[in-house]
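Engineer: Below you'll find the structure I mean.
Rule-based calculations on the coordinates, nothing more; no lab input. None of these values were measured; they are calculated from a predicted model. We place every Cβ from the backbone using ideal geometry, glycine too, and count neighbours over all the protein chains shown.
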Amino acid sequence: MKKKDSGQSDRSLKEVRQEIAEHDELYYKLSQPKISDQQYDKLKRELESLEAEADPLGLFSTDGGETEVPSSDQGPVVGDDRLDEFKSHRHLTPMLSLDNTYDEGEFLEFDARLRRIFEVDSLPYVVEPKIDGVAVSLTYENGILRSAVTRGNGVEGDIITQNIQHIDALPRAIKSPGLPKVIEIRGEIYMSHLEFLRINEARDKSALPLYANPRNLASGTVKLLDPKEAMERKLEIVLYGLGGCLPQDHFKSLSSFHRSLGEWGMPVVEFFKCVDSAKDAWSAILELDDLRHDYVYPTDGAVVKLDSFSMQEDAGHTAKSPRWAIAYKFESERQETLLEDIIVQVGRTGAITPVACLRPVQLAGTIVSRASLHNSDEIARKDIRVGDSVIVEKAGEIIPQVLEVVLAKRSDASEAYVFPRKCPKCDQDLIRLESETAWRCPNYSCLEQIKGRLEYFASRGCMDIENLGEAVIDQLVELGLARSIPDLYHLRFDQVLGLEGFAEKSAQNLIDALSDSKDREFWRVLCGLGIKHVGSSASKDLASKFGGLPALMDASVEELLAIDGVGAIMAQSIKDFFSHSENLEATKQLIDLGLRCEQAIQASQSSIFEGKTFVLTGTLESMNREQATLMIESHGGRVSGSVSKKTDFLLAGIGGGSKLQKAERLGVDVLTEASFLKLIDEN
């Protein structure tokens, strides 16, 4: 990359961070992604490059490095598919998402990084299809199926056992000598193309709206509240991965585990190749791309993993994804259609997003009628006009994008699109900062922004207020019953009862849910305020360091910068937020309303592990890993995911495995559970 001066890097860094924050909210909080996985991955890599270039000392670092297991109430690390109506279940080992690539060179870089770690010329991999379904984790105890759980937030997911009992290919019991006492088997629930077409044909005859794609229909089916209704839709399952296992060393490799799945009568992937090098893995990827269209399940790529489980453990993982696996996405399908109109949408921060309204077209199994146009510069660069014939692509076979205009079919009467200069909701003049590509509505009182702020505050990742969704908030705002966050806590029973869709019981449920939310942790209140660049992780750090909203509101930029994970952009964003009179007044009202705006301080906290890095391994007897992590953090330490020269302590439980061997090799202090607890007691 060409070297930039510091001013250029800072402006680009701010723009990219803001864009990522907005897309994170769309994807994780609102489930309305507007860019493809490939575009998002490029943004993240651009951010990493700019941070390294603009700040080689790591001032802007926000990911906190490696973590062993995120806590259950942590903000989305791999997304969050949990619903309030389902009970949650904690995974024995986290279900992390995979890093994606669309480029052979990036795949070879993945291999090169691993070869450097292990100091070898080649590595054994397995190659299998990336199935476009719903990730699931099955737990078998003594051979009996006990639960089926969605990915959730990666740490815990929703129990959907009742909705997958009718899957014929899924064994309810495994009979095999030497079977692990407890085992988590990971896989994918999907709907076949034929079943998807059957259901849509029936809906078409009944004049009902058609479902978009098999993946979404499968996802909706496993989350139906009525198992009988779920049984009317034929789901399938395919299994391929190992989660938790007791004993931990029962399997040595993914290939041996895959053989066992077949022996147990489990439905497994049709394509599973063991290879000895990245070159052979690439050949397998190309072979899979040719074969995948004949499979009954939808695939959108290939997954390459280290075969050896001990090598997987040594390679480690980040907070989001394992370092020992990567997903290669296949090229996207494209279709031509007519762009009938361009509309603009207003986000909670005022960002204006243009959307293409398309003549419906079938694309990669989906009926596409809308596509993101990103921003005004993108429209101008591609010279996109209403009435154009356009090529639409499903990037990653998920998100529709307008790739290009078919100029040969453009009408002579066509006129260049003029991006609006006024907000479509409040008619305020739009503004655009020099450092940004997005136009914004500067009117803090714009009803669309208010709706977005209230939805974000009530969302599961923030205050988690039941029965307060988008439709309810729309009514509250349009009727003038709620124009700020504090207004929610002034709602009366009779006002809620007057809303469409509410009866006495549901109205009281919402009032009770609002009252109950006052006791949410301080970090959730802080996160729900919607400060730019301040997500759940940063909210926890700020809550821990400042202890309450009053101290945070008075903090200087220098005091904010002293906190790990808070960079210049986030610090200034916090100061700007509390300098806004409406934000300041709303925050003070929340304090007066009795929300928990101070951090609960535990008397037992100390700093005995200040600046020390721990790694956990094995099974602990008196606590689980999350409890151990919280204990370490409460005494000033941090937990990493893999052993390195920077590791200070390895907390070793039963069955430490390769992490224990590596720690001993590097001279890392090893603590047993008893010595760890004794060390805390003595201090």
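Engineer: Set the Förster distance to 56 Å, then compute FRET efficiency between M231 and L108 from the Cβ-Cβ distance, nearest 0.05. Kindly include the intermediate steps, with their values, before the conclusion.
Structural biologist: Details: r = 46 Å, r/R0 = 0.82.
The formula returns an efficiency of 0.75 here.
Engineer: OK, next. Pick out, from S515, F419, A586, the residue whose Cα sits farthest towards the positive end of the charge dipole of the chain, with +1 on the Cβ of Lys and Arg and -1 on the Cβ of Asp and Glu.
Structural biologist: Positive-most Cα among the choices belongs to S515.
Engineer: Over the Cα atoms of the chain, what Rg and Dmax result, in angstrom?
Structural biologist: Cα radius of gyration and Dmax of the chain are 26.0, 84 Å respectively.
Engineer: So what's the net charge close to L291: Lys and Arg +1, Asp and Glu -1, counting the other residues with Cβ under 13 Å from its Cβ?
Structural biologist: Details: positive: K273, R292; negative: E128, E270, E287, D289, D290, D294.
Taking every other residue near L291 into account, the sum is -4.
Engineer: So, how do all the Cα-to-Cα distances of the stretch 528-683 break down into 5 Å bins, in percent, from 0 on up?
Structural biologist: Per 5 Å bin, starting at 0, the Cα pair percentages come out as 2, 8, 15, 17, 14, 12, 11, 9, 7, 4, 2, 0.
Engineer: If you don't mind, there's one more thing I want to ask. What is the extension gain from H580 to A413, computed as 0.36 nm multiplied by their sequence separation minus the C-alpha to C-alpha distance, in nm to one decimal? Numbers along the way, then the final one.
Structural biologist: Values: separation 167, 0.36 × 167 = 60.12 nm, distance 4.71 nm.
Full extension of this stretch gives 55.4 nm more.
Engineer: Hey, what number do you get for the chain at 222 nm if only DSSP H runs of n ≥ 4 count, each worth -39500 (n - 2.57), divided across all residues, to the nearest 500? Don't skip to the end; give the middle numbers.
Structural biologist: On the way: 25 runs with 248 residues, N = 683.
Calculated at 222 nm, the ellipticity per residue is -10500 deg cm²/dmol.
Engineer: Packing-wise, with mean Cβ within 10 Å as the measure, how do 413-426, 443-456 rank, highest first? Walk me through the numbers on the way to the answer.
Structural biologist: Working: 413-426: 13.4, 443-456: 20.6.
Output ranking for 413-426, 443-456: 443-456, 413-426.
Engineer: State, to one decimal in nm², a quarter of the convex hull surface area for the C-alpha atoms of the stretch 88-329, i.e. the direction-averaged projected area.
Structural biologist: Working: hull surface 53.4 nm².
Mean projected area of the Cα convex hull: 13.4 nm².
Engineer: Also, I was wondering about something else. Where nothing but the Cβ of Lys and Arg (+1) and of Asp and Glu (-1) is charged, how large is the charge dipole of the chain around its Cα centre, in debye to the nearest 20? Walk me through the intermediate numbers first.
Structural biologist: On the way: 80 positive and 111 negative charges, 82 e Å.
Dipole magnitude for the chain comes out near 400 debye.
Engineer: In debye, nearest 20, what is the charge dipole magnitude of the stretch 611-683 about its Cα centre with +1 on Lys and Arg Cβ and -1 on Asp and Glu Cβ, if you could check?
Structural biologist: 420 debye
Engineer: Another question about this same structure. Please report, in cubic angstrom per residue, the volume enclosed by the convex hull of the alpha-carbon atoms of the stretch 334-409.
Structural biologist: Details: hull volume 6.6 nm³, N = 76.
Per residue, the Cα convex hull of the stretch 334-409 comes to 87 Å³.
Engineer: Please list the non-local residues whose amide H lies under 5 Å from the amide H of S147, H modeled 1.01 Å from N, same-chain partners needing a gap of 5 or more.
Structural biologist: T139
Engineer: Considering only DSSP beta bridges whose two residues both sit in the stretch 613-682, what percent are antiparallel, to the nearest 5? Please list the in-between numbers first.
Structural biologist: Values: 1 of 12 bridges.
Roughly 10 percent of the DSSP beta bridges within the stretch 613-682 come out antiparallel.
Engineer: What is the local net charge at I167, summed over the other residues whose Cβ is closer than 14 Å to its Cβ (Lys, Arg +1; Asp, Glu -1)? If you can, show how the numbers build up before the last one.
Structural biologist: Working: positive: R172, R233, K234; negative: D168, E188, E195, E232, E236.
Spelling it out: positives minus negatives among the neighbours equals -2.
Engineer: Give, rounded to the nearest 20 debye, the magnitude of the charge dipole that the stretch 88-329 has about its Cα centre when Lys and Arg contribute +1 at Cβ and Asp and Glu contribute -1 at Cβ. It would help to have the intermediate numbers written out before the result.
Structural biologist: Details: 28 positive and 36 negative charges, 171 e Å.
Taking the Cα centre of the stretch 88-329 as origin, the dipole is about 820 debye.
Engineer: Work through the residues other than L108 whose Cβ is under 13 Å from its Cβ and net out their charges, Lys, Arg +1 and Asp, Glu -1.
Structural biologist: Values: positive: R113, R115, R116, K279; negative: D103, E104, E106, E109, D111, D280.
With Lys, Arg at +1 and Asp, Glu at -1, the neighbours total -2.
Engineer: Would you be so kind as to identify which of Q495, L468, I164 lies farthest towards the positive end of the dipole of the chain, taking Lys and Arg as +1 and Asp and Glu as -1 on Cβ and the Cα centre as origin?
Structural biologist: I164
Engineer: Here's another thing I want to ask about it. Compactness ratio of the stretch 447-592: Cα Rg over 2.2 N^0.38 Å, N = residue count? Spell out each step's value before the answer.
Structural biologist: Numbers: Rg = 16.0 Å, N = 146, 2.2 N^0.38 = 14.6 Å.
Working it through for the stretch 447-592, the quotient is 1.10.
Engineer: Now a separate question. Highest first, please rank the peptides 137-145, 325-333, 523-531 by the mean number of other Cβ atoms sitting within 10 Å of their residues. Don't skip to the end; give the middle numbers.
Structural biologist: Values: 137-145: 17.3, 325-333: 19.8, 523-531: 23.6.
Those peptides, ordered most packed to least, come out 523-531, 325-333, 137-145.
Engineer: Let me ask something additional. Please compute the volume of the convex hull spanned by the alpha-carbon atoms of the stretch 319-459 and report it per residue in Å³. Each step should come with its number before you reach the end.
Structural biologist: Values: hull volume 23.6 nm³, N = 141.
So the per-residue Cα hull volume is 167 Å³.
Engineer: Could you give me the radius of gyration and the Dmax of the stretch 613-682, taking only the C-alpha atoms into account and expressing both in angstrom?
Structural biologist: Cα radius of gyration and Dmax of the stretch 613-682 are 11.0, 30 Å respectively.
Engineer: Here is a follow-up. As I understand it, the dipole of the stretch 528-634 uses +1 on the Cβ of Lys and Arg and -1 on the Cβ of Asp and Glu, about the Cα centre. Which of M570, I531, M631 lies farthest toward its positive end?
Structural biologist: The one lying farthest along the dipole's positive direction is M631.
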